[in-house]
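Here the structure is laid out as structure tokens; the discussion comes afterwards.
The values are calculated or read from the model by the stated rules, or taken from the named source; none is laboratory data. These figures come from a predicted structure and were not determined experimentally. Cβ placement follows ideal geometry from the backbone for every residue including glycine, while neighbour counts extend to all protein chains displayed.
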Amino acid sequence: MADRLNDTVALVTGASSGIGEATARDLAGRGATIALVARRKDRLDALAAELGGRTLVINADVTDQAAAEAAVAETVNELGRLDTVVNNAGVMLLGPAVGAPLEEWERMVDINVKGLLHVTHAALPHLLTAAESGPRQVADLINISSVAGRVARAGSGVYNLTKFGVTAFSESLRQELASRHVRVSVVEPGAVATELTSHMRPEMRDSTRARFADVERLLSEDIGDLIGYMVSRPRRMALNEILVRPTNQAN
């Protein structure tokens, strides 16, 4: 089948739950060998047992530059190459700016931006090699942004900052690497039923969930399927940016 990813290797961050876990399943189902990267090793081990094959578990915090670099190096050393990177690790800590804990702002910047940059910086040489000599003659860098990377809202300022930044960085990098057949794409989901709200302070978690109470939220599998579709397109075709919302989410 033309959309198979046989003989390729994909690294997925934030793979212990939600979109990362679903993406790992989808890419594995298309024939890719997967490196699972996250902090919760027990969950990674369970997913690796399910996926089977040569699935690699890497217990790492990508906010640590050395750990991110080591995760990429281990993937290449153990699995032989790196064709696809999905930067999915992220956190959403909403709330008014006045009186907000500075730690929440720093945490979002560290995970959503710095973690993505650490992995990307370490992975780029390997993606370029894959595009030049790999079985598909193309490589993919998929960055997970958000509808919050397009539309700013009160109470989402720093989350907006990080996701607008991811979208802008992805577009700049896309332009730089397009002629070398490294496809840089950004996915901007709306409301998805994941653990994302569970990290918020209780009052913000409750108000955010109430806001989407009448929305039939997307499933992680919906986004995983979308990413699998993007990565498996033929070399001549790049899906640069996809905004995907639940059908009844207005904004």
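Looking at region 217-251 only, could you name the residues that are over 29 Å from Arg180 (Cα atoms) and out of contact with any Phe, Trp or Tyr (no Cβ under 9 Å at 6 or more places or on another chain)? Before you say what the answer is, go through the steps one by one.
At the first step, the residues of region 217-251 found to be over 29 Å from Arg180 (Cα atoms) are 217-222, 245-251.
Scanning region 217-251 gives Arg217, Leu218, Leu219, Ser220, Glu221, Asp222, Arg245, Thr247, Asn248, Ala250, Asn251.
Is at least one residue of region 145-153 assigned to a helix (DSSP H, G or I), of a type in the set (A, V, I, L, M), in contact with a Pro (Cβ under 8 Å, 6 or more places away or on another chain) and at negative phi?
For region 145-153, residues assigned to a helix (DSSP H, G or I), of a type in the set (A, V, I, L, M), in contact with a Pro (Cβ under 8 Å, 6 or more places away or on another chain) and at negative phi: present.
Could you identify the single residue in Ala210, Ala178, Ala191, Ala168 that is touching a Phe, Trp or Tyr at 6+ places or on another chain (Cβ under 7 Å) and either closer than 30 Å to Gly99 by Cα or at pLDDT 95 or above (or both)?
On the way: Ala210 fails: touching a Phe, Trp or Tyr at 6+ places or on another chain (Cβ under 7 Å); Ala178 fails: touching a Phe, Trp or Tyr at 6+ places or on another chain (Cβ under 7 Å); Ala168 fails: touching a Phe, Trp or Tyr at 6+ places or on another chain (Cβ under 7 Å).
Step by step, each of Ala210, Ala178, Ala191, Ala168 is checked, and only Ala191 is touching a Phe, Trp or Tyr at 6+ places or on another chain (Cβ under 7 Å) and either closer than 30 Å to Gly99 by Cα or at pLDDT 95 or above (or both).
Consider Val184 carefully, then state whether it is in contact with a Ser or Thr (Cβ under 9 Å, 6 or more places away or on another chain) and modelled with pLDDT under 95. Before the answer, list the steps.
Working: in contact with a Ser or Thr (Cβ under 9 Å, 6 or more places away or on another chain): yes; modelled with pLDDT under 95: no.
It is false that Val184 is in contact with a Ser or Thr (Cβ under 9 Å, 6 or more places away or on another chain) and modelled with pLDDT under 95.
Looking at (1) closer than 22 Å to Thr162 by Cα; (2) touching a helix residue (DSSP H, G or I) at 6+ places or on another chain (Cβ under 8 Å); (3) not hydrophobic (A, V, I, L, M, F, W, C), which is the one condition that is false for Arg211?
(2)
How do the pairs read when you match residues in region 134-163 that are farther than 18 Å from Val109 by Cα with residues anywhere that are crowded, with 18+ Cβ neighbours inside 10 Å and hydroxyl-bearing (Ser, Thr, Tyr), using Cβ under 6 Å and keeping only pairs 6 or more apart or on different chains?
Asp140/Thr84; Ile142/Ser185
Out of (1) within 25 Å of Asp110 (Cβ to Cβ); (2) in a strand (DSSP E or B); (3) in contact with an Asp or Glu (Cβ under 7 Å, 6 or more places away or on another chain); (4) among the hydrophobic types (A, V, I, L, M, F, W, C), the odd one out for Ile227 is which?
The single condition Ile227 does not satisfy is (2).
Sort out for me the helices (runs of 4 or more DSSP H) sitting completely within region 6-101 that have 2 or more residues that are β-branched (Val, Ile, Thr).
Where helices (runs of 4 or more DSSP H) fall fully within region 6-101 and carry at least 2 residues being β-branched (Val, Ile, Thr), they are 18-29, 65-79.
How many of the residues making up region 204-224 are touching a residue at least 24 places away in the same chain (Cβ under 8 Å), in a helix (DSSP H, G or I) and more than 30 Å from Thr8 (Cα to Cα)?
First pass over region 204-224, keeping only residues touching a residue at least 24 places away in the same chain (Cβ under 8 Å): 204, 208, 212, 214-224.
Okay, now just the ones that are also in a helix (DSSP H, G or I), so 204, 208, 220-224.
Add one more test, that the residue is more than 30 Å from Thr8 (Cα to Cα), and what stays is 204, 208.
Total meeting the criteria: 2.
Output the qualifying pairs, or none if there are none: Cβ atoms under 8 angstrom, residues six or more apart or on different chains, first residue in region 231-251 and closer than 14 Å to Ala139 by Cβ and in a loop (DSSP other than H, G, I, E, B), second residue among the hydroxyl-bearing types (Ser, Thr, Tyr) and modelled with pLDDT of 95 or more.
Ala238/Ser185
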